[in-house]
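The values are calculated or read from the model by the stated rules, or taken from the named source; none is laboratory data. Not measured: the values here are computed from a predicted model. Every residue, glycine as well, gets a Cβ built from its backbone with ideal geometry; the counts of neighbours run over all protein chains shown.
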Amino acid sequence: MVVFVVKGLNRLINSIILSKFLKQSVILDFITSLFLPGWDVLAYPAHRLTWHRQAQWWQVMSLHIPFTGLYVPKSSAKMPRYLLLSAIIVTVALLNPRALIAQSTLEEMVFSMLEEVSTERLTEHVQQLEFAGGTRSRITFTPGKDSAAVYIRQVFDAMPGLTSVEIDTFFIPGAAPPFNTHPQVNIVATIEGAVFPDEYYVIGSHYDATSDRDPGWNNGTNWQTIQAPGANDNGSGVAALLEMARIMSDPDSPFRPDYTIKFVAFGAEERLPAPLGTGNHFGSIHMARQARANNNLIRGMVSVDMIGFNERYEYTAIVKVNNATATASAALGARYVEANQNFFTRLIMNGFPFANGVYSDHQSFADEGYPSILIIENAAPWNTNTYYTANPYYHKVTDTADRMNFELVRRVTQLNIAALAWNTGSVTHIGDEPLAGLPEDTHLLQNYPNPFNPSTTIPFQLQQTSVIKLEVFDALGRRVALLADGVWPEGAHEVRFQAGELPGGVYISRLMVDEHAQHTQTMLLVK
């Protein structure tokens, strides 16, 4: 009960702090000047309030005040002032009912969703899948795999905010009889887009498992009796998928995707045991080919596959397929790198150019011409690098939940929510008054062409004459170009970005309007 109350208080205070009223209030500035003369209030990260000494804020370390979500410079002597200031800010906000209305920007809404990710729920899902049906095996055609499908369907069905939950049935014609007539299923949960319902993103995780690297595998002759708990591969990915769907479909949240999102638990991803036939990725091949046959517009596909093993670091990798989709897929991967930086998910990640690989369901969609990436604990999981030691439990009977790093699973889940929400979403506002701040018709648009070499055009729209600053940063946050700085008239504008002397990689354009951070876009320079 105490924990519940504390969490509730934390959420209440954070919602107050997130309000536009506080971020732009002269009252807040006045209170700060009284209690901390010579200090500024700075929204950094964007969803937190941080106090920094004027003219040298970048040099100050920050300290989190428990139960408030506030980050302040480390100074034990001044800590009572910070606590008192926090209390006064909350009091001021409570006196203004408008401050309690859910009027968040999309950026703030994403941060709020990230705080909802539950390690306890992730752990529970993995444990349920590990022992699905009580058999501790999810090899294709086993009862445990079928029990896992039932569990996933039940979890999706309990989410009231989903538009639909459907069973997508397929067969494996090349499997040995009678298994070639046994139906297999993908479980598809959908949030329909509010603006572009016919265009969608697919985020998928396979729910079957294997132990084909275990010494006791015997070339698959004992596939019906050997254990294949698959906690990490791929209980971890399915757990992340279920948690993403729960949070992003929450009917009480103001988040609404502009584009449709399909959360898919794929069947029969792992290679069949030798006695049953050959091949893999059957569920995703079925769905991708259907999408292409129907000329469906899939804006991107992300496979989340074995994301939970690392004994030393919180590290994850992006993998693409080296075919005609490679450039578009790299641009999709770049959005994940940007999300990790902008939303502070604190993951160590590989960078551009991303690794090439075909060892998951992303291959099926890339083969059909759709931009597709894989999020995995390393590229590849049987190799070692600076931040990763080769997984000794990969495809073995020892792949159990007790060997997983659930903090890593939590952060990768947050990364996927951040990237997916930022690229698909908008916010439904409550209340009659428009949000204070930037005009609704002020936008930074996607550059074109993208990817590009050596130059690209960055368009933006201003509703009214404004003081703007248009900048470009590299993946490390260093500014590499200042493209506009000054007063610009209302209307549509375009600025050319010349990158001939810059190395290939991910770059971020950022538009500041009247000293407010308006929006960012990811650009990919290919050389």
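Look at the stretch 357-366 and say how many of its residues are in contact with a helix residue (DSSP H, G or I) (Cβ under 7 Å, 6 or more places away or on another chain) and either within 19 Å of Tyr207 (Cβ to Cβ) or among the acidic types (Asp, Glu) (or both).
Residues meeting the conditions: 3.
Show the residue pairs meeting these rules: Cβ distance below 6 Å; 6+ apart or different chains; first residue within the stretch 471-490 and assigned by TED's automatic domain parsing to the domain that holds Thr456 and without any contact (Cβ under 8 Å) to a residue 60 or more places away in the chain; second residue among the polar types (S, T, N, Q) and assigned to a strand (DSSP E or B).
Val472/Ser509
For the stretch 379-388, does any single residue satisfy the condition of being surrounded by 22 or more Cβ atoms within 10 Å (Cβ to Cβ) and more than 23 Å from the chain's Cα centre (by Cα)?
Scanning the stretch 379-388 turns up no residue that is surrounded by 22 or more Cβ atoms within 10 Å (Cβ to Cβ) and more than 23 Å from the chain's Cα centre (by Cα).
Could you list, in sequence order, all residues of the stretch 475-492 that are farther than 20 Å from Tyr336 by Cα and either at pLDDT below 90 or hydroxyl-bearing (Ser, Thr, Tyr) (or both)?
Hits for the stretch 475-492 are Glu490, Gly491, Ala492.
Conditions first: (1) in contact with a helix residue (DSSP H, G or I) (Cβ under 9 Å, 6 or more places away or on another chain); (2) among the polar types (S, T, N, Q); (3) without any contact (Cβ under 8 Å) to a residue 12 or more places away in the chain. Asn383 passes all but one, so which condition is the exception?
Asn383 satisfies every listed condition except (1).
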